[in-house]
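J.: My questions all concern the structure below.
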Amino acid sequence: MSENYYSILKCLNNQATKFTLMCLLFFFSISVSSQVLQGSVYGLDGEGNKEALIGVHVYLSESKEGVVTNTEGLFKITEKFLPGEYIVASYMGYVTDSVKISAINNLEQIEIVLKEGLELEETVVVGAKKGAVFSSITPQKTELITTTGLQKMACCNLSESFENSASITVGYTDAVSGAKQVQLLGLSSIYSQITDENVPMLRGLSSTYGWSYIPGPWLESVQLSKGASSVVNGYESVSGQINVEHKKPNLSEPLFINLYVDDAKRMEANVTTTTQINKKWSTALFAHGSMEKEEHDSNDDTFMDVPKMELANLYGRLFYLDNESGIQSRFGVKLIHEKREAGQIESKINSGDRLYETNIKNRNFNVYNKTGITIGDKQGQSLGLINSFTYHEQNSAFGDKLYDGTQHSYYGNLLFSSYIGNTSHRYTTGLSLTYDNYKTKYEDRLPFNQTPLTKIDREEVVPGAFGEYTYDLGGKFTFIAGMRVDHNSRYGWLFTPRSNVRYSILDNLVFRLSAGRGCRSANVIAENIGLLASSRMMDVSNINDLNMEKAWNYGANLTFYLPIWNSEMATISMDYFRTDFQDQAIADIDRSKNNVYFYNLSGNSYANVFQTDLSMTLMRGFDLFAAFRVNNTQVTYSDGTSTYKMEKPLTSRYRGLVNLAYATRLRKWVFDATAQFNGPARIPGMNGYQSEKRESEAFPVFFTQITKNSKRFDIYLGVENLLDYKQKNPILNYNDPFGRDFDSSMIWGPLMGRKIYGGIRWRIGKLY
């Protein structure tokens, strides 16, 4: 057995968590049902032609719980339903229809046929036919990126799936490691809660590199919610929540293969297999392998444009569903091994010069279980339990800087859901426990920095309790109020109130408000890993004195659904969100070009974001999505005597996006084109806070893809960064990588030029 997995087993043996995991291995929280409702949704056009509809919102009329149809128009609802309830199917461009459950003779296969036409209702989901679905029934502003949206580009991993999203900005942390950074509401993704089917992930050491560990072909959908999220999932969300839904063993193809290659000779393979063992048990195995072995240096700065990489990823899932007893359980195991080699190309430097090398290794192990059970006589009353254990090991070297660490984390959540009187008054209450143990080491061997090996360890135990109340007035008005109380063994008591309001002013006009507080512990080196790819000295003297980060987020949204030509609707949405920090861990790169200082906020720090979106169908099969976002993110820096309020560096002030998508009948051919326009960002000064103001260029990026679909095969061909735009000279003083002024972390634009790629998707077998 390898040393890596020996350490994992040793960790499990030494942790008190092991007992909890073994005892609760087959229990976990998920909503349950007394009878499965499954079937298909078809569309009937004016000529009487019938075709399966993708992305139809199918839900229960009373509870509003529902699903979205898959690529074959199939749906499966496992929620409990009330007597007299209806199954409702809603899809843009078609008349909403419903079927009374008591009138269904065969609950195993339900067929709903929608007719073309226009019908505005408060439960309409606009854009369901497109890659992005904007829900009109959720209290939060929620964007659902469907399978169609995930396939608009090659979507090799989760970060690349956001290139078509106007709300999220994706970039690089530095010009060496290839690590991605993601921003929401003008803030780094560390302030968003990232969950896998509502189980927290990408925390701590995996917060940067982890975006590449979630392959797009494994995903069923991605839900993006802005602002204050539910207190049920924890206290860490500040700017919003990103939740991924993987393919389900009982709703996916028996075999799916995705192969990808590009002109940089990056190769990738994804395989998902599912097996229905019997009526109650189903299983799935997901496998991913990718590699990039070529050394590319398009700008002749002797550094590789992207690192050489190897990534292996395995994910096993086991589902149990017993409709008679009302029990559903999910179990999963994930294993990840990643290796990156970057830095200078030996053949391009002078003989005798020292080679700057970057080596990064990440290993991740996760085991989780979710179980839910119906209890009592009330319909929809249930008890759920979540348990998740994560081990992450990281070893990294950036020239003469070393950063190694291990993380052991446990997350447990016990929930009880019911209602008072009727389903208009629902509530969820429960208990949670979070445990984090970080052991990290940092060393800088540069002669002018000379930071000896420094241990930075932290252990936190956080028990908590929460309650959330939802009042729903028939879909016209929804009010959610929640409160968490947690006790952090390091920082003390934490109070997290959150609230959301949704009001349907008219049938085609929805207004939302949100407010809430979030808290999080900072891991400043792991979360600013790109700064290691420089000669800056990291001041680690104050790291153990940093406070818990705390911030309030306030938001408002107004969404219009406007009827236009050909029985279609246009959606216009306007958002405003503000985040105010009470406490924040500052990473100061402005005080000196040769240092990084970490300290607690002294003054104001906030982010204001305004965004407007337009979504419409220009003609049958031809969709338009356009958006424009303005950011204003300000931080107060301090040198110990004076404070300086400044714009957050390397954060684009505005961003525009236009996506055009055309699909022929039955989606046999699909054409996608995306244009981004990114505004300038402030570049840190070279002479302290009083430096002359510098800013980056505004720049466009274009993407295009053509896909030929058939029943079993999809073939796609695409181009990223069509105009070959690249940031000029992204590495400062690249010819002296061990000198005082070397810096590869000042990244505001693309590092790679034009990329041509292609691939194939192959589906084998039927879904049921």
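The values are calculated or read from the model by the stated rules, or taken from the named source; none is laboratory data. Model, not experiment: these values are computed from the prediction. FYI the Cβ positions are ideal-geometry reconstructions off the backbone, even for glycines, and counts take in every protein chain you see.
J.: Assess whether ARG578 counts as being free of Cβ contacts under 8 Å to residues at least 40 places away in the same chain and buried (at least 17 other Cβ atoms within 10 Å of the Cβ).
T.: Numbers: free of Cβ contacts under 8 Å to residues at least 40 places away in the same chain: yes; buried (at least 17 other Cβ atoms within 10 Å of the Cβ): yes.
Yes, satisfied.
J.: So, in segment 528-567, of the ones that are hydroxyl-bearing (Ser, Thr, Tyr) and touching a residue at least 40 places away in the same chain (Cβ under 8 Å), which residue ends up surrounded by the most Cβ atoms within 10 Å (Cβ to Cβ)? So that I can check it myself, show each step before the final result.
T.: Taking segment 528-567 first, the residues hydroxyl-bearing (Ser, Thr, Tyr) are 534-535, 541, 554, 559, 561, 567.
If we keep only those that are touching a residue at least 40 places away in the same chain (Cβ under 8 Å) too, we end up with 534-535, 554, 559, 561, 567.
Values: SER534: 27, SER535: 25, TYR554: 15, THR559: 22, TYR561: 23, SER567: 16.
Top of the filtered list is SER534.
Listed here are the residues, each with its yes/no results for (1) hydroxyl-bearing (Ser, Thr, Tyr); (2) more than 30 Å from the chain's Cα centre (by Cα).
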| residue | (1), (2) |
| --- | --- |
| LYS370 | no, no |
| GLN381 | no, no |
| GLY384 | no, no |
| GLN394 | no, no |
| ASP400 | no, yes |
| THR423 | yes, yes |
| ARG426 | no, no |
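J.: Among the residues of segment 145-191, count how many are outside any loop (DSSP other than H, G, I, E, B), over 20 Å from GLN676 (Cα atoms) and not polar (S, T, N, Q).
T.: 2
J.: So in segment 601-635, with the set limited to residues that are without any contact (Cβ under 8 Å) to a residue 40 or more places away in the chain and out of contact with any Asp or Glu (no Cβ under 9 Å at 6 or more places or on another chain), which one is farthest from ALA663 (Cα to Cα)?
T.: The residue in question is VAL630.
J.: Say we look at segment 620-672 and pick out the residues that are basic (Lys, Arg) and in a strand (DSSP E or B); which of these is nearest to ASN557 (Cα to Cα)?
T.: Here is the first cut: in segment 620-672, the ones basic (Lys, Arg) are 620, 629, 645, 648, 653, 655, 665, 667-668.
Remaining after also requiring in a strand (DSSP E or B): 629, 645, 655.
Working: ARG629: 14, LYS645: 29, ARG655: 19 Å.
Going through the qualifying residues, I end up with ARG629.
J.: Restricting attention to segment 663-676, report how many residues are more than 15 Å from GLY718 (Cα to Cα), surrounded by fewer than 16 Cβ atoms within 10 Å (Cβ to Cβ) and at pLDDT 95 or above.
T.: 0
J.: Only residues that are outside any strand (DSSP E or B), without any contact (Cβ under 8 Å) to a residue 60 or more places away in the chain and of a type in the set (D, E, K, R): list them for segment 342-364, please.
T.: Looking only at segment 342-364, we keep the residues that are outside any strand (DSSP E or B), and these are 345-356.
From what is left, the residues that are without any contact (Cβ under 8 Å) to a residue 60 or more places away in the chain are 345-353, 355.
Those that are outside any strand (DSSP E or B), without any contact (Cβ under 8 Å) to a residue 60 or more places away in the chain and of a type in the set (D, E, K, R): GLU346, LYS348, ASP353.
J.: Looking only at residues that are part of a loop (DSSP other than H, G, I, E, B) and free of Cβ contacts under 8 Å to residues at least 60 places away in the same chain in segment 199-228, which one is nearest to ARG458 (Cα to Cα)?
T.: Within segment 199-228, the subset part of a loop (DSSP other than H, G, I, E, B) is 201-203, 207-208, 214-215, 227-228.
Now narrow it down to the ones that are free of Cβ contacts under 8 Å to residues at least 60 places away in the same chain: 202, 214.
On the way: LEU202: 18, ILE214: 27 Å.
The residue in question is LEU202.
J.: Name the single residue that is farthest from ALA166 (Cα to Cα) among those in segment 633-662 being among the small types (Gly, Ala, Ser) and crowded, with 18+ Cβ neighbours inside 10 Å. Explain how you work it out, then say what you get.
T.: At the first step, the residues of segment 633-662 found to be among the small types (Gly, Ala, Ser) are 638, 640, 642, 652, 656, 661.
Now narrow it down to the ones that are crowded, with 18+ Cβ neighbours inside 10 Å: 638, 652, 661.
Values: SER638: 33, SER652: 13, ALA661: 15 Å.
Per the criteria, the residue is SER638.
J.: With ILE715, ILE683 as the choices, which residue is more than 30 Å from ASP743 (Cβ to Cβ), surrounded by fewer than 18 Cβ atoms within 10 Å (Cβ to Cβ) and assigned by TED's automatic domain parsing to the domain that holds ILE257?
T.: Values: ILE683 fails: more than 30 Å from ASP743 (Cβ to Cβ).
Result of the check over ILE715, ILE683: ILE715.
J.: Just checking, how many residues over segment 637-676 are more than 23 Å from ASP583 (Cα to Cα) and either among the acidic types (Asp, Glu) or without any contact (Cβ under 8 Å) to a residue 24 or more places away in the chain (or both)? Break it down stepwise before answering.
T.: Pass one, segment 637-676, residues more than 23 Å from ASP583 (Cα to Cα): 652-676.
Next, only the ones that are either among the acidic types (Asp, Glu) or without any contact (Cβ under 8 Å) to a residue 24 or more places away in the chain (or both) stay: 672.
Residues that pass the stated criteria total 1.
J.: With the condition kept exactly as written, say whether any residue in segment 689-706 is farther than 14 Å from LYS593 by Cα, hydroxyl-bearing (Ser, Thr, Tyr), touching a residue at least 60 places away in the same chain (Cβ under 8 Å) and assigned by TED's automatic domain parsing to the domain that holds GLU647.
T.: Checking segment 689-706: not a single residue is farther than 14 Å from LYS593 by Cα, hydroxyl-bearing (Ser, Thr, Tyr), touching a residue at least 60 places away in the same chain (Cβ under 8 Å) and assigned by TED's automatic domain parsing to the domain that holds GLU647.
J.: Something else about it: Looking at segment 350-365 only, could you name the residues that are closer than 30 Å to VAL333 by Cβ and surrounded by fewer than 22 Cβ atoms within 10 Å (Cβ to Cβ)? Let's see the steps before the verdict.
T.: Step one: of segment 350-365, the residues closer than 30 Å to VAL333 by Cβ are 359-365.
Correct list: ASN359, LYS361, ARG363, PHE365.
J.: If you don't mind, there's one more thing I want to ask. Please work out which one of (1) surrounded by 15 or more Cβ atoms within 10 Å (Cβ to Cβ); (2) within 25 Å of GLN183 (Cα to Cα) is the condition ALA570 fails and give its number.
T.: In the conditions (1) surrounded by 15 or more Cβ atoms within 10 Å (Cβ to Cβ); (2) within 25 Å of GLN183 (Cα to Cα), ALA570 misses (2) alone.
J.: Among the residues of segment 686-701, which ones are within 30 Å of the chain's Cα centre (by Cα), surrounded by fewer than 18 Cβ atoms within 10 Å (Cβ to Cβ) and not small (Gly, Ala, Ser)?
T.: Within segment 686-701, the first condition is being within 30 Å of the chain's Cα centre (by Cα), and the residues that meet it are 695-701.
From what's left, surrounded by fewer than 18 Cβ atoms within 10 Å (Cβ to Cβ): 695, 697-698, 700.
Within segment 686-701, GLU695, GLU697, PRO700 qualify.
J.: Could you list, in sequence order, all residues of segment 528-542 that are part of a helix (DSSP H, G or I) and either within 17 Å of LYS455 (Cα to Cα) or of a type in the set (Lys, Arg) (or both)? Can you show your working first?
T.: The initial filter retains those residues of segment 528-542 that are part of a helix (DSSP H, G or I), namely 529-532.
Across segment 528-542, the qualifying residues are ILE529, LEU532.
J.: Given the residues TYR471, TYR554, which is the only one that is assigned by TED's automatic domain parsing to the domain that holds GLN181 and modelled with pLDDT under 95? Don't jump to the end; show me each part of the working.
T.: Numbers: TYR554 fails: modelled with pLDDT under 95.
Unique residue meeting the criteria: TYR471.
J.: Separate question: Among the listed residues SER514, SER499, identify the single one that is in a strand (DSSP E or B), assigned by TED's automatic domain parsing to the domain that holds ASN600, surrounded by 19 or more Cβ atoms within 10 Å (Cβ to Cβ) and at negative phi.
T.: Of SER514, SER499, the one residue that is in a strand (DSSP E or B), assigned by TED's automatic domain parsing to the domain that holds ASN600, surrounded by 19 or more Cβ atoms within 10 Å (Cβ to Cβ) and at negative phi is SER514.
J.: Can you work out which of the residues in segment 310-340 that are among the acidic types (Asp, Glu) and more than 30 Å from GLY380 (Cα to Cα) is surrounded by the fewest Cβ atoms within 10 Å (Cβ to Cβ)? Full working, then the answer.
T.: Of all residues in segment 310-340, those among the acidic types (Asp, Glu) come to 310, 322, 324, 338.
Subsequent filtering for residues that are more than 30 Å from GLY380 (Cα to Cα) retains 310, 338.
On the way: GLU310: 15, GLU338: 20.
Only one residue fits best here, namely GLU310.
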